[in-house]
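K.L.:
What follows is a structure written as structure tokens; I'll ask about it next.
The values are calculated or read from the model by the stated rules, or taken from the named source; none is laboratory data. All of these numbers come straight from a predicted model, not from anything done at the bench. So basically every Cβ, Gly included, is an ideal-geometry build from the backbone, and we count neighbours across all protein chains shown.
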Amino acid sequence: MAFVITSACIGEKHGDCVEVCPVDCIEEGEEMFFIDPDICIDCGACEAVCPVTAIFMEDEVPDEEHEYIALNRRFFEEK
Ligand code: SF4
């Protein structure tokens, strides 16, 4: 399980999440930030500071945002 960044981050990229992540697993993509699901320790710090409520625990991602679970993972697989 990991936290997932969803569409609300697109064009927003506030970046507070990057500052608070204790394991440094949030990286910047072209349009949004992504969380590396293999490194995330589920602490929830990023979720608490996101100003646009873009971050959810994987099993709480809204149905219409489910594609972002794979998109976060793919970003790190394709690096
Ligand atoms: Fe980083 Fe914690 Fe957010 Fe995972 S839940 S991305 S470890 S701040």
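K.L.:
If you take the residues of segment 39-63 that are within 11 Å of the ligand (Cβ to nearest atom) and in a loop (DSSP other than H, G, I, E, B), which of them is nearest to Val18 (Cα to Cα)? Spell out the reasoning first.
P.N.:
Here is the first cut: in segment 39-63, the residues within 11 Å of the ligand (Cβ to nearest atom) are 39-50, 55-58.
Right, trim to in a loop (DSSP other than H, G, I, E, B) and you get 39-44, 50.
Values: Ile39: 14, Cys40: 12, Ile41: 14, Asp42: 14, Cys43: 13, Gly44: 12, Cys50: 10 Å.
For segment 39-63, the residue satisfying everything is Cys50.
K.L.:
Out of all the residues in segment 9-26, which are in contact with a helix residue (DSSP H, G or I) (Cβ under 7 Å, 6 or more places away or on another chain) and more than 9 Å from the ligand (Cβ to nearest atom)?
P.N.:
Asp16
K.L.:
Residues of segment 26-41 being within 12 Å of the chain's Cα centre (by Cα) and under 15 Å from Phe56 (Cα atoms), which ones?
P.N.:
Those that are within 12 Å of the chain's Cα centre (by Cα) and under 15 Å from Phe56 (Cα atoms): Ile26, Met32, Phe33, Phe34, Ile35, Asp36, Pro37, Cys40.
K.L.:
Separate question: Would you mind finding the one in Glu19, Glu31, Glu58, Glu77 that is touching a Gly at 6+ places or on another chain (Cβ under 7 Å) and at pLDDT 95 or above?
P.N.:
Selected residue: Glu31, the only one of Glu19, Glu31, Glu58, Glu77 that is touching a Gly at 6+ places or on another chain (Cβ under 7 Å) and at pLDDT 95 or above.
K.L.:
Tally the residues that are free of Cβ contacts under 8 Å to residues at least 60 places away in the same chain and either part of a strand (DSSP E or B) or not aromatic (Phe, Trp, Tyr) (or both), restricting the search to segment 66-78.
P.N.:
Result for segment 66-78: 8.
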